[in-house]
Each structure stands twice: as structure tokens, then as C-alpha cells.
Amino acid sequence: MITPDRPENKNLFFLQDKIKEIRTAICYNDSTALTKLPTSVVYVITVNEGDLWFLLPQPTHVLDELETQFPVQLDFHKKGGSCNLQVSGTASVVADKKIIRSLKRRAPKGSYQARHPYIAVKVKMQQAQYCDRTTNEKKSLLKILSSLFHNMWNVEPAYRYFELTAPSN
């Protein structure tokens, strides 16, 4: 069991919390094999100790032709959210019916159709990149306002002010 008392474990807990918050990712299969799982939108059902679990529809080609382990990249992004998360690691295909049933029970109701066959995929996280866009938006807004005020007071005005006096006789 991993505990949050060490700094590297705190980072893992932070990543797990963000993944649980976002849940949905695009899964890219980085394998060079001829028969491989296609790029898919996935819903991460379980996150524990650096492992992510999700279900994919069983491909039409034979499972024996698929690699059992392959490199993947998961891009997490929530519409209207303020962060992006990219996770790369090694995926393992699991065809165990008990595990698949357990994952289906934990998934939100209606997520997976009962009559379609699924395979379970376990991703062992190896690297992650997290980007919080709220700080970038604040900086860019600050730069815009700073530039606006700078230009207002340090630029020659586009008009000239003349004071007219009547001629004296």
C-alpha cells in the first residue's frame, strides 16, 4: 500500500485525484504492431497505486493476434476544465471475465451495454505531464492589461490641444 508521506507518493496521489476528477481520456496505442487496438475515448473506472483500469469493446479480430502489452498515451481533458493531463505507460490487455464484470459494476449505469463483449485494459503509469491553464490565463490577462495601461500613458496622443486667444487691438 502506498502512503502519501513521501514526496513522490504525494505526486502520485495528486495525479490519481486529477484522473478521478476528469475520468475521460483519449487513449492512443503507440504500438508498431500490425494488429492493434484503435485510438479510443475511454472512461477510467478504477485508479489505484499507479494503475488505471478501463474497458474497451472487444475488437472484431481475434484476441490472440493482439499484443498483450503495448505502450499507450492517455490525454485527459474535461470540456470547460482548467487543466490537461497526459499519462504515458504500458497497457496490458486482460480478458478475465471476473475482472471485466467487476469493472462493469463499478462503471456508471448505462456506460456499457450488457450484450457486447469487452476487454479490460490496465495501464501502468510511467510518466505524466500536468498543465494547469488557470495560471496561464491569469498571466496572459495580466500581460494584456499591463500592455494596455503602458500604451495609454506612454504613447504620444493622436490629437493636439491648442489654446486660441483673440487678437488684441
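Some notes on this structure:
- Residue check, ALA107 in contact with a helix residue (DSSP H, G or I) (Cβ under 8 Å, 6 or more places away or on another chain) and either modelled with pLDDT under 80 or surrounded by 10 or more Cβ atoms within 10 Å (Cβ to Cβ) (or both): no
- Residues in segment 22-35 that are part of a loop (DSSP other than H, G, I, E, B), more than 15 Å from GLN126 (Cα to Cα) and within 18 Å of the chain's Cα centre (by Cα): 1 in all.
- Qualifying residue in segment 58-66 (condition: under 29 Å from ASN9 (Cα atoms), surrounded by 11 or more Cβ atoms within 10 Å (Cβ to Cβ) and free of Cβ contacts under 8 Å to residues at least 60 places away in the same chain): no
The rows are residues; the columns are (1) in a helix (DSSP H, G or I); (2) within 22 Å of LYS20 (Cα to Cα); (3) at pLDDT 65 or above; (4) of a type outside the set (A, V, I, L, M).
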position: TYR112; (1), (2), (3), (4): no, yes, yes, yes
position: ALA120; (1), (2), (3), (4): no, yes, yes, no
position: SER147; (1), (2), (3), (4): yes, no, yes, yes
position: MET152; (1), (2), (3), (4): yes, no, no, no
position: ALA158; (1), (2), (3), (4): no, no, no, no
position: LEU164; (1), (2), (3), (4): no, no, no, no
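- Take the conditions (1) touching a strand residue (DSSP E or B) at 6+ places or on another chain (Cβ under 8 Å); (2) among the β-branched types (Val, Ile, Thr); (3) without any contact (Cβ under 8 Å) to a residue 60 or more places away in the chain; (4) surrounded by 12 or more Cβ atoms within 10 Å (Cβ to Cβ); THR35 misses just one of them, which is (1).
To keep it simple, each residue is scored yes or no on (1) assigned to a strand (DSSP E or B); (2) modelled with pLDDT of 90 or more; (3) more than 23 Å from ASP132 (Cα to Cα); (4) in contact with a His (Cβ under 8 Å, 6 or more places away or on another chain).
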| position | (1), (2), (3), (4) |
| --- | --- |
| ASP5 | no, no, yes, no |
| GLN16 | no, yes, no, no |
| ILE19 | no, yes, no, no |
| LEU37 | no, no, yes, no |
| VAL42 | yes, yes, no, no |
| PRO59 | no, no, yes, no |
| GLN86 | yes, yes, no, no |
| GLY89 | yes, yes, no, no |
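The values are calculated or read from the model by the stated rules, or taken from the named source; none is laboratory data. It should be emphasised that the depicted structure is a prediction, and the values quoted were computed from it without experimental measurement. So basically every Cβ, Gly included, is an ideal-geometry build from the backbone, and we count neighbours across all protein chains shown.
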